[in-house]
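Written below as structure tokens is the structure these notes are about.
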């Protein structure tokens with residue numbers, strides 16, 4: 001997010017525009033990251049919890 005904000009600032013400064021990043025965009029970015037990261041972490045964990053340990057080790 002910091003890299004995106006920095007790139008926006010550099011681009012705006014080079015064109016003589018004010019550097020404005022709305023607070024809702026920052027909050028939305030953090031929120032989307034939180035939701036996607038949670039789902040991406042929970043989905044494989046739930047699938048793995050349903051397997052028996054011997055079957056999981058045999059498949060590996």
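In this simple spin-label approximation, residue 33 and residue 51 carry label points 7 Å from Cα along the Cα→Cβ vector, and these lie 3.0 nm apart. Averaged over every viewing direction, what's the projected area of the C-alpha convex hull for the chain? Give it in nm², one decimal, please. With the hull built on Cα positions only, its mean projection is 6.0 nm².
What does the helix-only formula give at 222 nm for the chain: each DSSP H stretch with n ≥ 4 adding -39500 (n - 2.57), the total divided by the residues, and the result rounded to the nearest 500 deg cm²/dmol?
Numbers: 3 runs with 47 residues, N = 60.
Calculated at 222 nm, the ellipticity per residue is -26000 deg cm²/dmol.
Computed from the coordinates by the stated procedures, all read-outs in this text should not be read as laboratory data. Note that the coordinates shown come from a computational prediction; the quantities given were computed from them, not determined experimentally. As a convention, Cβ positions derive from the backbone with ideal geometry for all residues, glycine included, and neighbour counts pool all protein chains shown.
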